[in-house]
Amino acid sequence: MDVAAKSAGEPAPWPILVERRGEGMGIIGIHFIQPEYKDHEKASVVWCGLELASVDRGPAKVGWTACHRSVFSCTRLNFGRTGSPLQQVVFHNRNMADTWFTSDFHFGHFNIIRYCNRPFASTEEMDAHVADRMNAHVKPNDTLYFLGDFCMGNVEKVAAYRKRLNCKTIHFVEGNHDKVTRKSQGLFASWSSLSEVHVGKQGIVLCHYAMRVWPHHGRGAWQLYGHSHGNLPDDPLSLSMDVGVDSHSFHPWHFDEVQAIMKAKATAREQPPETR
């Protein structure tokens with residue numbers, strides 16, 4: 001597969017769009033190489049330790065290896081020895097029955113109890129409650145999309161908190177409190193600052209922050225976010241919603257729950273303004 005440069009003689013453009021559709025896999029992957037790419041002779045797209053694509057400067061040559069998985073994503077770009085998170089990841093997940101969304105655990109963050117009026121006396125109590133609620137709903141083989149702000153503490157704390165969650169497949173969209181967690185990207189199925197996913201036929205844009213507009217918002221795509229801890233007034237006509245734990249009694253949101261809310265919003269949008 002060739003990715004053309006912007007014009008003859010230019011280095012490969014950034015962001016570079018790399019797309020893969022595998023026959024029978026129902027998979028799509030789109031990867032934006034960060035601006036730092038221009039300073040390197042070669043970049044590699046790496047997924048779970050497996051190099052999926054390499055990009056050389058000049059007209060970009062992209063080579064793929066086979067990947068027969070129901071979920072396809074890349075977690076980072078490698079520039080020599082330097083790993084860098086992707087700005088955006090796009091992938092498909094066929095199965096709606098086992099798909100969940102959540103955000104803003106803030107494991108080990110005592111001040112979040114006060115900031116958000118969480119009903120706990122200690123971080124230990126909060127951490128146990130959040131982990132127990134997740135494990136009660138999200139089974140080991142389910143898929144969980146986590147939209148940022150995982151925990152406070154060092155990398156050892158990150159690993160310990162990750163072990164408390166039974167779900168094997170957690171896709172991570174980073175938040176503003178994930179500087180340390182970013183060092184442990186290998187503990188998660190994917191890592192990005194913005195993700196555009198498809199669950200069944202439904203397009204969903206995932207970001208830690210709420211957005212006014214997003215890709216394909218005029219075609220029915222949803223936007224799910226965290227960060228606001230249930231304090232951002234919901235727009236009843238916008239196909240977006242807060243999926244953080246503070247908005248749902250510390251439960252994760254199942255795809256079917258989100259779908260029911262979005263259907264009600266879509267119906268409201270179709271009504272004449274005077275009848276809303």
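The values are calculated or read from the model by the stated rules, or taken from the named source; none is laboratory data. What you see is a predicted model; the values in this text were computed from it and never measured. Every residue, glycine as well, gets a Cβ built from its backbone with ideal geometry; the counts of neighbours run over all protein chains shown.
Remarks
- The set of residues in region 222-244 that are under 19 Å from ALA268 (Cα atoms), in contact (Cβ under 8 Å) with a residue 24 or more places away in the chain and not acidic (Asp, Glu) comprises TRP222, LEU224, PRO236, LEU237, SER238, LEU239, SER240.
- Any hit, region 238-246, residues being at pLDDT below 95 and assigned by TED's automatic domain parsing to the domain that holds MET134: no
- ARG269 part of a helix (DSSP H, G or I) and either more than 30 Å from ASN117 (Cβ to Cβ) or basic (Lys, Arg) (or both): yes
- Residues of region 200-221 satisfying the condition of being within 14 Å of the chain's Cα centre (by Cα), part of a loop (DSSP other than H, G, I, E, B) and free of Cβ contacts under 8 Å to residues at least 40 places away in the same chain: TYR209, ALA210
- Flag for ALA159 being in contact (Cβ under 8 Å) with a residue 12 or more places away in the chain and not acidic (Asp, Glu): yes
- Test: residue in region 149-156 that is under 18 Å from ASP256 (Cβ atoms) and either touching a Phe, Trp or Tyr at 6+ places or on another chain (Cβ under 8 Å) or not assigned by TED's automatic domain parsing to the domain that holds LYS263 (or both): no
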